[in-house]
Amino acid sequence: MWDYEKRLQYPVNIKTPNAKLAQFIISQYGGPDGELAASMRYLSQRYASPYREVSALLTDIGTEELAHFEMIGTIVHQLTRNLSMEEIEKSGLGPYYIDHTIGLWPQAAGGIPFNACEFQSKGDVITDLIEDMAAEQKARTTYDNILRVVDDPDVADPIRFLRQREVVHFQRFGEGLRRVQEDLDPKNFYQFNPGFDRCMK
Amino acid sequence: MTCEQNKLLHEINILSFTIVELNLFLDTHPCNQEAMRHFEYYNRLKKEKCEEYTNLFGPLTIKDAKGRTQEFQWTMQPWPWEGGCE
């Protein structure tokens, strides 16, 4: 169950549209390391976690990712407001415009549609947490790549906030992994799957 | 959205962010008494600020929406992606 708060987690107020930048940043909406994939990954993985601390992390970070999904949607929306047809065609936004006008649709920067194959839910808490830590780093790298092509401070400011959250989530998932490993045989963490082979515990 | 509304929302954003940080920390440190005290403190401050905001500008959550005015403010207040004051 979820409640919606009618606010962004961090404010986004972009005054100057930029169709080129919108095409780059949309990757964090529906791309391989984007916020939608992040949220779906964590919210799907939590059922198989036999550790309440890890289920709490997956629920709460999965929820925060939805707030980031909304921030990215807002950035792309504000970057594509009030564009002329000439700007749409010159910037390369034309093919997207034909299919979606300037509505938001989850895709990668290269136009590949959002796909559940961009994340895993493996039913093994160690495997899943290591995937989650990698996912946070991949998203951080994507934000670093975005920051190199952004010179509008109105855009860079919320992107920096989102980048920093990836670092914090990485830290918390690392603590979750340590919690799991402390509970298992330190000589062989992989002896059994604590969420599946229940009789072994 | 007016600048006054934006300012109050900014204060709510700061309190909410503090609560999110404490929430994630408590997920992996559920017995940390100091973090729990901070969590309760900032939750109380946020509740007060949200009440002030709701009374002045309308609800931030559907549970705070009231039918006492001419229009259903949940619907008619600006949506977050519209942007702040000029």
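The values are calculated or read from the model by the stated rules, or taken from the named source; none is laboratory data. As the structure is a prediction and not an experimental result, all values here were calculated from the model. Using ideal geometry, Cβ is built from the backbone for each residue, glycine included, and neighbour counts are taken over all protein chains shown.
When A:L83 is tested against (1) assigned to a loop (DSSP other than H, G, I, E, B); (2) under 30 Å from A:P186 (Cα atoms), just one condition goes unmet, and that condition is (2).
Among the candidates A:D144, A:D132, A:D128, single out the residue that is in a helix (DSSP H, G or I) and within 14 Å of chain B (Cβ to nearest Cβ).
Exactly one of A:D144, A:D132, A:D128 is in a helix (DSSP H, G or I) and within 14 Å of chain B (Cβ to nearest Cβ), namely A:D132.
Condition check ((1) surrounded by fewer than 16 Cβ atoms within 10 Å (Cβ to Cβ); (2) at positive phi; (3) modelled with pLDDT of 90 or more) across all residues:
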residue	(1), (2), (3)
B:N23	no, no, yes
B:E34	yes, no, yes
B:H38	no, no, yes
B:R44	yes, no, yes
B:G67	yes, no, no
B:W81	no, no, yes
B:E86	yes, no, no
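Scanning segment A:1-58 for residues that are under 17 Å from the mean Cα position of the chain (by Cα), more than 23 Å from A:N115 (Cα to Cα) and in a loop (DSSP other than H, G, I, E, B) returns A:L8, A:Q9, A:Y10.
Exactly one residue among B:W81, B:W74 is over 26 Å from A:A56 (Cα atoms), at the interface with chain A (Cβ under 7 Å from one of its Cβ atoms) and over 12 Å from the mean Cα position of the chain (by Cα), and that residue is B:W81. Would you be able to say whether some residue in segment B:9-26 is of a type outside the set (D, E, K, R), at the interface with chain A (Cβ under 7 Å from one of its Cβ atoms) and farther than 19 Å from A:T74 by Cβ? Among the residues of segment B:9-26, at least one is of a type outside the set (D, E, K, R), at the interface with chain A (Cβ under 7 Å from one of its Cβ atoms) and farther than 19 Å from A:T74 by Cβ, which makes the answer yes. Among the conditions (1) without any contact (Cβ under 8 Å) to a residue 60 or more places away in the chain; (2) buried (at least 16 other Cβ atoms within 10 Å of the Cβ); (3) within 27 Å of A:Y10 (Cα to Cα), the only one that A:Y97 does not satisfy is (3). All conditions in (1) among the aromatic types (F, W, Y); (2) in contact with an Asp or Glu (Cβ under 8 Å, 6 or more places away or on another chain); (3) over 30 Å from A:R198 (Cα atoms) hold for A:Y96, with the sole exception of (2).
When segment B:30-39 is examined, which residues are found to be in contact with a helix residue (DSSP H, G or I) (Cβ under 6 Å, 6 or more places away or on another chain) and either among the charged types (D, E, K, R) or within 23 Å of A:E65 (Cβ to Cβ) (or both)? Result: B:A35, B:F39. Do you know which residues across segment B:16-74 are outside any helix (DSSP H, G or I) and not hydrophobic (A, V, I, L, M, F, W, C)? Scanning segment B:16-74 gives B:H29, B:P30, B:N32, B:G58, B:P59, B:T61, B:K66, B:G67, B:R68, B:T69, B:Q70, B:E71.
Checking each residue in segment A:147-193 for being part of a helix (DSSP H, G or I), among the aliphatic types (A, V, I, L, M) and closer than 21 Å to A:L129 by Cβ picks out A:V167, A:V168, A:L177, A:V180. Return the pair list, or none, for Cβ contacts closer than 6 Å from residues in segment B:6-17 that are under 10 Å from A:R7 (Cα atoms) to residues that are in a helix (DSSP H, G or I) and modelled with pLDDT of 95 or more, at least 6 apart or on different chains. Going by the 6 Å Cβ cut-off, the qualifying pairs are B:I12/B:K49. Residues that are surrounded by 24 or more Cβ atoms within 10 Å (Cβ to Cβ) and farther than 25 Å from A:D144 by Cβ were ranked within segment A:33-57; the one that is nearest to the other protein chains (Cβ to nearest Cβ) is A:V54.
A single member of A:T127, A:T80 is without any contact (Cβ under 8 Å) to a residue 40 or more places away in the chain and either exposed (fewer than 14 other Cβ atoms within 10 Å of the Cβ) or not small (G, A, S) (or both), and it is A:T127. Among the residues of segment A:132-144, those identified as within 16 Å of A:A108 (Cα to Cα) and surrounded by 14 or more Cβ atoms within 10 Å (Cβ to Cβ) are A:A135, A:K138, A:A139, A:R140, A:T142, A:Y143.
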